[in-house]
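For reference, the structure is listed below as structure tokens.
The values are calculated or read from the model by the stated rules, or taken from the named source; none is laboratory data. Because the structure is a prediction, the values reported are computed rather than measured. As a convention, Cβ positions derive from the backbone with ideal geometry for all residues, glycine included, and neighbour counts pool all protein chains shown.
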Amino acid sequence: MKSLIKTTHAHTRSKSLKSVFLSGTLPKGSNGTQLPGLAVIGCGQIAESCLLPAMLEIGWRPALLVEKDSTQLHKLAKQFGAAAACETIDKADLSDLDGAIVSLPNHLHEPVCCELLKQGIHVLVEKPMARTSDECASIIAAAQSGKAQLGVAHVYRFRKLNQWIHALIKSGIAGPVKRFDIRVGNPFSWPVKSASIWNKHQSGGGALIDVGVHVIDLLLWWFNDLNIIEYLDDSESGVEAECHLTLSTDNGASGVLELSRTRQLRNTVIIDCEKGSLEVGIFDGSIIRAKGAACEFSYADTMLSNMPDEPWNTLFVYELKDFANAILESHPPLVSPSDGARAVAFVESCYSQRKPYIYPWDLKEGA
Amino acid sequence: MGTQLNLAMHNAFDGKTVFVTGGTGFVGGRLIEKLALSKDITIKALVRNYARAARLARFNVKMIEGSLTDTGTLEDALEDCDIVFHCALDLTSSKLNASALRTMAEASLKAGVERFVYLSSLATYEPLREGELNEDCPYPPTDWDYALGKRDAEKIILNFATERGLPAVILQPTIVYGPFSRNWTDRPVSALLKGQLVLANESEGVCNPVYIDDLVSAILLAALNKSAIGERFLVSGPDYVPWKKFYAAYADIVGKQTFVFESEEQILHSNRLTLKEKLRSLLRPIVHKFISQKMKHRLLGLLSTMKREAGPVISRPNAQELQLYKSKTRVCIDKAKNLLGYNPEYPFDKGMQATAHYIRWAFLDEEANP
């Protein structure tokens, strides 16, 4: 299997967005039955709740699981029928692998991705691609040197509604975007198993680089460009729980992005165009309201009125199918390394111009 | 924060290593925010559940993974500490709290800490007597587990202070409200926005509110003032308000008068009928008796989630609260003023003004989409 993969490296083939929008089917391997040998490196919550169940759904058994927590490792290996399990990557046999999903803490993305990619193992790396632009560059260089595919798990790109919004903006049917407003927040409840996410050195940051990087990827994709007018966050030498971004686009749109790890915010995106407007749920893909041209727009035979419901977990199924396609058909994954690196560079730029976010009750008392 | 927490006060913590339990919670969280204003301070915080550490992680805090049952962890964490702030409470077992307190007190003695500040509660005096309440008032008979647990804890601390020389201080805060107060701010606001806030017709009593920053001032003063050692201090705000005014202030802030007054009898009847209440009371003893400590936290967390998420939020006082809302006790804070130099800066109106900013910030989207 691996030798077959290595004979075809067609990075130049462009994939139309439409094909992703419509397909969602999984191509078979060269022998008609076999799927690529896939490892999941790092079996924390995202692997357990999203990635491995999505693999199971499409009948793709992991060739290898790597996880330092041996109890978790063996539990998941049994549950998802992994062919092999190992506590550390240096002890794992990588020789039969075609690809790997890297879902480790952020500080390990760069060293582990580089090691795999240099060996020609295709990689789907969890978001953020890495902590810094330098690390992203190093991962991209490793992919080039190993002639391996590299995808970044900005999973919301796979939501049909988000693809439809991308097409709506590009079409210009609703006129230019005038304003956008995004508020994303939930009291943090992700069942983290270590303090890594709270460690600035290991995570690279807080709400912005964590959930925020998903939103930033969508905005950069929808609008092409994004300028930072002001960035505020509440970190005090740790990682931010709250941040507030004032943004603009080269086409004259202005917008606000607010992220919170302590508050229940509306979790929606509002986009006002000259001839129509839209509010949709960022995580659940719900359509809250639409006006004007947005109601009439059709893309790939889909309008807002017949937009399919896509539960969160289905997005991971699409993502894995796309990665399998990338391995088997040797075309780039939907979310390219440069997309991943661009989002990280944007986050980095925000952090470099950070201003303090003062809580309103402290501001009023002059603290 | 106000003038009490001036630069000189923060300088007093420079070079110190402090250990905080309950740092992911309401009081401990704000305490850490204020401690972190000191330039050269090392803050260690016990973290039972990393998922709750978002506010704490904004600071350069050394998180110590563990719970109050992890004796070894507590001993190691306290080894090089100067000041201990014990704000955590394990609601699952008063026996466990007592045992954790002993462990922490022993380890603190061994480490030679300068101060051990223990956060108790006004609840120790419940059911509240009529008239003025001060630290000399005896504890009346009660069968309320929470109050009994706090009294036991105070005994342990005072015993360590008098017999073993632990430089301990006990603070007994009253009704602590303000940003992130789950019981006295978030809960009534959620009820007003998403359901109903029920009060008893008989709720003619007086509330002794204290804004969170005043309590944090008292905690910091208790850590610095030598005359605090071996003493208990009631900590309340500078004024009193009728309970109805306390809740009406929230209704004014959110612009919803979703108050319902029922008779005490009706409330008790409804509480008995609440299916979820029944389920919880059925499951709690089973969880306590048969499930391991770690699993216990998960299951109790799940039970409290059920409470939060199922249907509209109807906040109805429980038996303890019904008593509290009838009480006309006025808490005297002269001892804290005289010995600690405590000078609360948030009369109720000012505290509610600050809290209103929090409510608009935290509940803005829920207000827009009830």
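Taking the condition surrounded by 14 or more Cβ atoms within 10 Å (Cβ to Cβ), away from every other protein chain (no Cβ under 14 Å) and at pLDDT 95 or above, does A:I287 pass? In short, yes.
For region B:190-214, residues that are within 12 Å of chain A (Cβ to nearest Cβ) and either over 24 Å from B:L340 (Cβ atoms) or assigned to a strand (DSSP E or B) (or both) total 4. In the condition set (1) within 21 Å of B:L96 (Cβ to Cβ); (2) more than 12 Å from chain A (Cβ to nearest Cβ); (3) without any contact (Cβ under 8 Å) to a residue 40 or more places away in the chain; (4) among the small types (G, A, S), B:G15 is compliant with all but (1). Give me the residue from region A:150-205 that is free of Cβ contacts under 8 Å to residues at least 12 places away in the same chain and not in a loop (DSSP other than H, G, I, E, B) and, out of that set, farthest from the other protein chains (Cβ to nearest Cβ). So the residue we want is A:K170. In region B:156-178, the count of residues that are buried (at least 22 other Cβ atoms within 10 Å of the Cβ), within 14 Å of chain A (Cβ to nearest Cβ) and part of a loop (DSSP other than H, G, I, E, B) is one or more. Restricting attention to region A:46-73, the residues that are touching a residue at least 12 places away in the same chain (Cβ under 8 Å) and part of a helix (DSSP H, G or I) total 14. One residue stands out among those in region B:185-197 that are of a type outside the set (S, T, N, Q) and surrounded by fewer than 20 Cβ atoms within 10 Å (Cβ to Cβ): the one that is farthest from B:T258 (Cα to Cα), which is B:D186. A count restricted to region A:174-204 and to residues that are over 30 Å from A:A47 (Cα atoms) and either modelled with pLDDT under 95 or of a type in the set (D, E, K, R) (or both) stands at 3.
Over 20 Å from B:T185 (Cβ atoms), aromatic (F, W, Y), at pLDDT 85 or above and in contact with a helix residue (DSSP H, G or I) (Cβ under 8 Å, 6 or more places away or on another chain), is that true of B:F246? Criteria not met by B:F246. Listed conditions (1) surrounded by 15 or more Cβ atoms within 10 Å (Cβ to Cβ); (2) among the hydrophobic types (A, V, I, L, M, F, W, C); (3) out of contact with any helix residue (DSSP H, G or I) (no Cβ under 7 Å at 6 or more places or on another chain); (4) outside any helix (DSSP H, G or I) are all met by A:I358, apart from (1). Would you point out which residue out of A:V177, A:V239, A:V213 is β-branched (V, I, T), more than 14 Å from B:R58 (Cα to Cα) and touching a Lys or Arg at 6+ places or on another chain (Cβ under 7 Å)? After ruling out the rest, the residue left standing is A:V213. Considering the conditions (1) acidic (D, E); (2) within 11 Å of chain A (Cβ to nearest Cβ); (3) in a helix (DSSP H, G or I), B:E345 is excluded by exactly one of them, (3). The set of residues in region A:220-257 that are within 14 Å of chain B (Cβ to nearest Cβ), surrounded by fewer than 20 Cβ atoms within 10 Å (Cβ to Cβ) and not hydrophobic (A, V, I, L, M, F, W, C) comprises A:E236, A:S237, A:H244.
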